[in-house]
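Quick notes on the structure that follows.
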Amino acid sequence: MADFFKPIPKYLTSKRNIVQLVLLTAAFALAFINIYQPFGVNVWFDLSPWQLLLYSSLITLTGVMVVVISRIIMYYRCKRNPINYWQYLGWVLVEVVSMAMFYSVYIKFILHDTRFFPNLLKLSIQNTALLLLLPYSVLWLYFSWRDKKIMIDEMSQGLQSPDSSKLMAIFEDEKGVMRFSVKMENLLYIEASDNYVSIFYMDKEKITRFMLRNTLKNLEESLKGTDIIRCHRRFMVNCDLVKVIRREKDGIKLELGIREAQDLPVTKTYLENVMSTFSHYSPSSEE
């Protein structure tokens, strides 16, 4: 319930999205009136298809002005003081009633409908609610999807930022949906387990784990070009946080600069790639 008192997303009041909403609503209204033939115009009036198209075009273009005026007012209102979800829903309700009132007056006094006005208004509200709420709902979902996509793209571009303090590792699930992101400087290592991976990172000076449904192979591809590399069939490691490389009887181990973090093994399959990556950290490689 508290979410309804939060401000609505900015994408609902951007100029570009308002224009798209008005255009789609007008197109949908025109198709709706001609195909569905609401208000009983095909029964109460002897209109040819071309006459119906002419009348519907006129009523649609005039009626959509209600939405145009409403959205312009909303745009400038939100620039001063954003509205919350409850206010937005109430705003849409006023749009529905206002447009329904316009349609009822038009049909009653322009087309000289003989039906009782309250009954005509009730029918008009029902049809107008369908006419507006369908495109509104579809566009809300589309605007939300596009906004999230833009945000993910911007975060992904941050992986190439020269400022290491701003680098972000973006993690998507097996369906390509972004589920988790963390600063590179806080990411320790990734461990595979069946169809899941565990992402270990530092949070408030404690090692924390995030479970993600994906494969290490997919993550290896998405993190290509970063300091997160594969060192074992079950592990990927943040090379920037490796402090010690040890050779033991059972193979090479990578020691992170975190007391609670486990040492990570390096297998022969990934040894060359690991040593090549770490060679870039040597003083000779910087000269």
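Can you find even one residue in segment 259-267 that is in a strand (DSSP E or B), among the β-branched types (V, I, T) and touching a His at 6+ places or on another chain (Cβ under 9 Å)?
yes
Considering segment 110-130 alone, what residues qualify as being touching a residue at least 12 places away in the same chain (Cβ under 8 Å) and either in a helix (DSSP H, G or I) or under 40 Å from the mean Cα position of the chain (by Cα) (or both)?
If the condition is that a residue be touching a residue at least 12 places away in the same chain (Cβ under 8 Å) and either in a helix (DSSP H, G or I) or under 40 Å from the mean Cα position of the chain (by Cα) (or both), then F117, L120, L121, L123, S124, I125, N127, T128, A129, L130 are the ones that fit.
Working only within segment 159-190, note down all residues that are of a type in the set (S, T, N, Q) and either at pLDDT below 75 or farther than 19 Å from E205 by Cα (or both).
Q160, S161, S164, S165
Restricting to segment 52-85, give me the number of residues that are at pLDDT below 70 and closer than 24 Å to L121 by Cβ.
Total meeting the criteria: 3.
Listed here are the residues, each with its yes/no results for (1) of a type in the set (S, T, N, Q); (2) in contact with a Leu (Cβ under 8 Å, 6 or more places away or on another chain).
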residue: I207; (1), (2): no, yes
residue: K217; (1), (2): no, no
residue: E220; (1), (2): no, no
residue: V242; (1), (2): no, yes
residue: R247; (1), (2): no, no
residue: N273; (1), (2): yes, no
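Among residues belonging to segment 173-217 that are of a type in the set (S, T, N, Q) and farther than 20 Å from L264 by Cα, point out the one that is surrounded by the most Cβ atoms within 10 Å (Cβ to Cβ).
N214
Given the conditions (1) under 22 Å from K122 (Cβ atoms); (2) modelled with pLDDT of 90 or more, report the number of the one that Y88 does not fulfil.
It is condition (1) that Y88 fails.
Select from segment 166-178 the residues that are without any contact (Cβ under 8 Å) to a residue 40 or more places away in the chain and closer than 23 Å to C239 by Cα and list them in ascending order.
Passing the criteria: K166, M168.
Among the numbered criteria (1) within 25 Å of M151 (Cα to Cα); (2) out of contact with any strand residue (DSSP E or B) (no Cβ under 9 Å at 6 or more places or on another chain); (3) basic (K, R), which one does R179 miss?
Tallying (1) within 25 Å of M151 (Cα to Cα); (2) out of contact with any strand residue (DSSP E or B) (no Cβ under 9 Å at 6 or more places or on another chain); (3) basic (K, R), R179 fails exactly one: (2).
Six or more apart or on different chains, Cβ under 6 Å: which pairs go from a residue in segment 200-217 that's in the same structural domain as A261 (by TED's automatic domain parsing) to one that's exposed (fewer than 12 other Cβ atoms within 10 Å of the Cβ) and assigned to a loop (DSSP other than H, G, I, E, B)? Could you list them?
Here the result reads I207/E260, each pair linking segment 200-217 to a residue that is exposed (fewer than 12 other Cβ atoms within 10 Å of the Cβ) and assigned to a loop (DSSP other than H, G, I, E, B).
The values are calculated or read from the model by the stated rules, or taken from the named source; none is laboratory data. What you see is a predicted model; the values in this text were computed from it and never measured. All Cβ positions, even for glycine, are placed from backbone atoms using ideal geometry, and neighbour counts span all protein chains on display.
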